[in-house]
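Visitor: Submitted below is the structure of interest, expressed as structure tokens.
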Amino acid sequence: MSRRTEIADILKAPKINEKITVMGWVRAFRSNRFIALNDGSTIKNLQAVVDFENFDEALLKKVSFHSCVKISGTLVESQGAGQDVEVNCEEIEVIGEANPDEYVLQPKRQTMEFLREQAHFRLRTNTLSAVFRVRHAISFAIHKYYNDNGYYYMHTPIITGSDAEGAGEMFHVSTLDAENLPKTEDGKVDYSQDFFGKETNLTVSGQLQAEIGALALGKVYTFGPTFRAENSNTSRHLAEFWMIEPEVAFNDIHDNMDLAEDFVKYLINYILKNYPDDLAILDKRIQNIEKNMKTELRRPMGLIDTLRFVVDNDFERITYTDAINLLRSSKPFKKGRFEFEPTWGSDLQAEHERWLVEKKFQKPVIVRDYPKNFKAFYMRLNDDGETVAAMDVLFPGIGEVIGGSQREERHDVLKARMQEMGVEEEELWWYLELRKFGGCPHAGFGLGFERMVQFITGMDNIRDVIPFPRTPGKAEF
Ligand code: 4AD
Ligand code: MG
């Protein structure tokens, strides 16, 4: 292909009267005269002005919505409002047609549900292209944050034998013939004949291996895909999602909370600073949707204002016990409006988290020191013997974005907890040995990447912030 200039570069430093060649996809062709061309390098389109008398009618007919074209011409100051510069077309070549009689996308507002079925085309829309530029930028900012702060990026395995969270929601990995499974004498599947000689699954978290890294390199983080076979059809759950897990030697639960708050504020600031155009489009989209909604259903603030508010204010920090007390003295509880009763000893439900974040404090909240009975085996037991040094970071509109804890570093306490919770020592012998030989206090957490992207882009459904969502019953593309 011949050389092209990217639209982002043209708009950054326009050179008037320069001859340029651009290639991209047609977002609109108005009045047989104005082509809005987008090449993905920026949310902004380049306007190309066509003098139809200079072109074959049959050619111009092919310049349709989302067709791919190459345009050569002269860059000039724009005559119209809405853009500073435009290109006067001298040559147009249709590289890839998109016959409007057959092409499934139409130049009108399409529902997110419809676009999900067209995942091979949806990145060409304004909204989704903005989301995926921002998603990229958040990934980059994550690596930058940890690199700049002296952490090492650690690749933890995708295939593992252990269930880090102990929730049993794992996808099996096996090469055994499902139609003809080898059996042991007592009738169970004989995994010793499987590829790895044992039962394996896709990882639910890289944490346990990240702890190995922290106890040698001091500060590490993982950033990889994780898999959960939970049958949750919600706007916050995916079966395949990405997680960032920092793990730090010598940190306690308070250091862990400080890190979590500093980290997510950094990510939000990075996008506010570097991606204002994409954020503006996403903000406007929400305003358009909410225009016709009742006031009480609208978000309390616009997208950009919400992001600013989060970075400018301290997160609220409370204990689980405080949270339960607050919930039990709340209006919705007294009026019987909660579906689940907030009682000490049971996990906070989404409705409880939302009340704390959106009604009571109206900002992000970090809840810590949860009862040990519904938290993972590795969390450090507090002196009360009842709670563990766990923390969840709760965000408005999303709920839990981060889950983490100080880890149990005492060999005897960990061993007892594993027994209590039925975690097999045989599988995690190395995890126990980390406590026996050169162990130390340490802490970490997991940030759900897609939930963070959801918060920053303001998208309602997690399926619209990952290019190819995996959810129960859906693995197309
Ligand atoms: O709270 P979780 O289960 O914590 C862990 O896995 C720990 N091992 C992390 C650690 O301490 N290193 O998951 C962490 C985060 C959640 O707060 C949530 O944001 C996200 O991962 N998450 C999901 N995101 C999308 N879909 C799902 N099914 C998710 N499950 C958890
Ligand atoms: Mg959690």
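Visitor: Starting from the amide H of Gly446, placed 1.01 Å from N in the peptide plane, find each other amide H under 5 Å away whose residue is 5 or more places distant or on another chain.
Guide: When sequence neighbours closer than 5 places are left aside, the close amide H contacts are Gly403, Gly404.
Visitor: Then there is this: Rounded to whole Å and sorted largest first, what semi-axes of the equivalent ellipsoid does the C-alpha gyration tensor of the chain yield via the square root of 5 times each eigenvalue?
Guide: Value: 48, 27, 22 Å, ordered largest first.
Visitor: For the chain, take the longest principal axis of its alpha carbons; what is the angle in degrees between that and the long axis of helix 207-217, to the nearest 10 within 0 to 90?
Guide: Around 90 degrees separate the two axes.
Visitor: List residues of the range 87-105, by number, whose backbone nitrogen lies under 17 Å from a label position 7 Å along Cα→C-beta of Leu59.
Guide: It comes to 87-98, nothing else.
Visitor: Next question. Among the listed pairs Lys108/Lys294; Lys108/Lys273; Lys334/Lys359; Lys291/Lys331; Lys108/Lys291, give every one whose C-alpha distance is greater than 20 Å.
Guide: Flagged as over cut-off: Lys108/Lys294; Lys108/Lys273; Lys291/Lys331.
Visitor: Taking the range 342-416 as the region of interest, what is the percent of Cα-Cα pairs per 10 angstrom bin, listed from the shortest bin to the one with the maximum distance?
Guide: Whole-percent P(r) values from 0 Å outward: 20, 46, 26, 7, 0.
Visitor: Give the residue from Val311, Phe250, Ala28 lying farthest towards the positive end of the charge dipole for the chain; charges sit on Cβ (+1 for Lys and Arg, -1 for Asp and Glu) and the dipole is referred to the Cα centre.
Guide: Ala28
Visitor: Using θ = phi - 60° and the Karplus curve 6.51 cos²θ - 1.76 cosθ + 1.60, what whole-Hz ³J(HN,Hα) does each residue of the range 369-376 get, with Gly and Pro shown as x?
Guide: Once θ is set to phi - 60°, the couplings for the range 369-376 become 6, 7, x, 5, 5, 10, 10, 5 Hz.
Visitor: Setting aside same-chain residues fewer than 8 positions from Lys219, which aspartates and glutamates have a Cα under 19 Å from its Cα?
Guide: Asp148, Glu211, Glu245, Glu247, Asp252, Asp255, Asp258, Glu261, Asp262, Glu408, Glu409
Visitor: Spelling out what I want: for every residue of the range 158-169, take phi, set θ = phi - 60°, compute 6.51 cos²θ - 1.76 cosθ + 1.60 (Karplus), and round to whole Hz; glycine and proline get x.
Guide: 7, 9, 9, x, 10, 10, 4, 8, x, 9, x, 9
Visitor: Show me the ranking of peptides 66-76, 14-24 by mean Cβ neighbours inside 10 Å, starting with the highest.
Guide: 66-76, 14-24
Visitor: Show the residues, 5+ positions off or on another chain, whose built amide H is closer than 5 Å to the amide H of Thr226.
Guide: Sorted by chain and number, the residues that satisfy this are Phe241, Trp242, Met243.
Visitor: Per residue, how big is the convex hull around the C-alpha atoms of the range 160-236? Give it to me in cubic angstrom, could you?
Guide: Considering the Cα atoms of the range 160-236, their hull volume per residue is 145 Å³.
Visitor: Can you give me the accessible area per residue for the chain, using a 1.4 Å probe, in Å²?
Guide: Normalised by residue count, the accessible surface of the chain is 50 Å².
Visitor: Let me ask something else. Between Asp412 and Arg299, how high is the FRET efficiency from 1/(1 + (r/R0)^6) when r is the Cβ-Cβ distance and R₀ = 41 Å? Nearest 0.05.
Guide: FRET efficiency, Asp412 to Arg299: 0.25.
Visitor: Calculate, in whole percent, how much of the Cα-Cα pair population of the range 7-105 lies beyond 20 Å.
Guide: 30
Visitor: Also, quick follow-up: Taking Cα atoms, how many degrees apart are the long axis of helix 126-148 and the longest axis of the chain, rounded to 10 and kept between 0 and 90?
Guide: So the inclination is approximately 50 degrees.
Visitor: From the alpha carbon gyration tensor of the range 23-73, can you work out the equivalent ellipsoid semi-axes (sqrt of 5 times each eigenvalue) and give them in Å, largest to smallest?
Guide: Each semi-axis is the square root of five times an eigenvalue, giving 18, 10, 10 Å.
Visitor: Taking 1 over the mean of 1/r across every pair of different Cα atoms in the range 263-360, what Kirkwood radius in Å do you get?
Guide: Kirkwood radius, the range 263-360: 15.9 Å.
Visitor: A further question follows. What ranking, highest mean first, results for peptides 312-321, 262-271, 192-201 when packing means the other Cβ atoms within 10 Å averaged over each residue?
Guide: Descending mean neighbour count gives 262-271, 312-321, 192-201.
Visitor: Determine the share of the range 7-105's accessible area contributed by carbon and sulfur atoms, expressed in whole percent, with a 1.4 angstrom probe.
Guide: Carbon and sulfur: 45 percent of the exposed surface of the range 7-105.
Visitor: Would you mind computing the Rg to Rh ratio of the range 334-477 from its alpha-carbon coordinates, Kirkwood style for Rh?
Guide: 1.04
Visitor: Enumerate the calculated ³J(HN,Hα) couplings along the range 285-295 in order (Karplus 6.51 cos²θ - 1.76 cosθ + 1.60, θ = phi - 60°), each rounded to whole Hz, writing x wherever the residue is Gly or Pro.
Guide: Ordered by residue, 3J(HN,Hα) equals 4, 5, 4, 4, 5, 7, 3, 9, 9, 4, 3 Hz.
Visitor: Using 1/(1 + (r/R0)^6) with R0 = 41 angstrom and r between the beta carbons of Asp277 and Phe333, what's the FRET efficiency to the nearest 0.05?
Guide: It comes out at approximately 0.40.
Visitor: Give the lysines reachable from Lys19 as a straight Cα distance under 24 Å; neighbours fewer than 8 places away on the same chain don't count.
Guide: Lys44, Lys62, Lys70
Visitor: Expressed as a whole number of Å, what is the distance separating the alpha-carbon centroids of the range 409-457 and the range 41-94?
Guide: 57
Visitor: Let me ask something else. Order the peptides 251-259, 391-399, 54-62 from the highest to the lowest mean number of other Cβ atoms within 10 Å of their residues.
Guide: The packing order, highest mean first, is 391-399, 251-259, 54-62.
Visitor: If you don't mind, another one. Excluding Trp429 itself, what net charge comes from residues whose Cβ is under 12 Å from its Cβ, given Lys and Arg +1 and Asp and Glu -1?
Guide: Charge balance in the 12 Å sphere: -2.
Visitor: For Thr42, which sequence-distant residues (separation of 5 or more, or a different chain) have an amide H within less than 5 Å of its own amide H, given hydrogens modelled in the peptide plane?
Guide: Ala8
The values are calculated or read from the model by the stated rules, or taken from the named source; none is laboratory data. On a predicted model such as this, the values are computed, not experimentally measured, just so you know. We place every Cβ from the backbone using ideal geometry, glycine too, and count neighbours over all the protein chains shown. These accessible areas exclude ligands, DNA and RNA; they are computed on the full protein's heavy atoms, side chains included. Shrake-Rupley method; radii C 1.70, N 1.55, O 1.52, S 1.80 Å.
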